[in-house]
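*Asks:* Quick one: structure below, then a few questions.
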Amino acid sequence: MIRFEDGDEFFQKLGEAVAEHEISSGIILCSIGMMRQVTLEFYMGREKGYLRNQIGGPLEVVSLQGNIGLKAGKPIFHVHACLADSAGKVVGGHLKQATVHFTNEMLVMRFDEIKLLRKFEESSGLNGLFFS
């Protein structure tokens, strides 16, 4: 479990926790908490790239999952999130940036015998996930 506190930059704290626990491959099972200053992305294809949606928040985490793999020997995170505002409006997509609002608790399953690797795929223009 990784516990985030108010004001933590989500990916910075995730990177610190992964380094501390020596996690090079795994899955982010779920996360419960709140976020603000969120950037979500939606991939439009090679030619168009990503559409970005920036939301000030605060937002409640409705669903969050992802994976932890290696690219060029360094951890890389692929995280998707669904977030709700105080009116119940839900937005979602590829989580690019977020600051923790109040708290966030995340469960991660570490893989020791399986390595998840990210490699560029010419066909999609994305870094695909492969097993090693």
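Values in this text are rule-based calculations from the coordinates and carry no lab data. Please read all numbers here as calculations on a predicted model, not as lab measurements. Cβ placement follows ideal geometry from the backbone for every residue including glycine, while neighbour counts extend to all protein chains displayed.
*Asks:* Only one of (1) of a type in the set (Val, Ile, Thr); (2) touching a Lys or Arg at 6+ places or on another chain (Cβ under 9 Å); (3) buried (at least 16 other Cβ atoms within 10 Å of the Cβ) is not met by THR103, so which one is it?
*Replies:* For THR103, the failing item is (3).
*Asks:* It is to be established whether one or more residues within the range 8-27 are of a type in the set (Lys, Arg) and farther than 18 Å from ILE76 by Cβ.
*Replies:* Among the residues of the range 8-27, not one is of a type in the set (Lys, Arg) and farther than 18 Å from ILE76 by Cβ, which makes the answer no.
*Asks:* When you check GLY125 against the structure, is it over 22 Å from GLY26 (Cβ atoms), loosely packed, with under 13 Cβ neighbours inside 10 Å and small (Gly, Ala, Ser), yes or no?
*Replies:* In short, yes.
*Asks:* Output the qualifying pairs, or none if there are none: Cβ atoms under 9 angstrom, residues six or more apart or on different chains, first residue in the range 89-100 and closer than 22 Å to GLU5 by Cα, second residue among the charged types (D, E, K, R) and not in a strand (DSSP E or B).
*Replies:* THR99/ASP6; THR99/ASP8; VAL100/ASP6; VAL100/ASP8; VAL100/LYS13
*Asks:* Restrict the check to the range 31-48 and report whether at least one residue is closer than 16 Å to ILE2 by Cα and of a type outside the set (A, V, I, L, M, F, W, C).
*Replies:* yes
*Asks:* May I pose another question? Sort through ILE32, ILE27 and tell me the only one that's under 28 Å from LEU117 (Cβ atoms) and under 14 Å from the mean Cα position of the chain (by Cα).
*Replies:* From the options ILE32, ILE27, the qualifying one is ILE27.
*Asks:* Right, next: I'd like the residue in the range 1-37 that is in contact with a Ser or Thr (Cβ under 9 Å, 6 or more places away or on another chain) and of a type in the set (A, V, I, L, M) and, out of all such residues, is surrounded by the fewest Cβ atoms within 10 Å (Cβ to Cβ).
*Replies:* The residue in question is ILE32.
*Asks:* So in the range 52-98, with the set limited to residues that are under 17 Å from ALA17 (Cα atoms) and among the β-branched types (Val, Ile, Thr), which one is surrounded by the most Cβ atoms within 10 Å (Cβ to Cβ)?
*Replies:* So, considering only residues that are under 17 Å from ALA17 (Cα atoms) and among the β-branched types (Val, Ile, Thr), the one surrounded by the most Cβ atoms within 10 Å (Cβ to Cβ) is ILE68.
*Asks:* In addition: If a residue must be part of a loop (DSSP other than H, G, I, E, B) and in contact (Cβ under 8 Å) with a residue 24 or more places away in the chain, how many such residues does the range 113-127 contain?
*Replies:* Here the count works out to 4.
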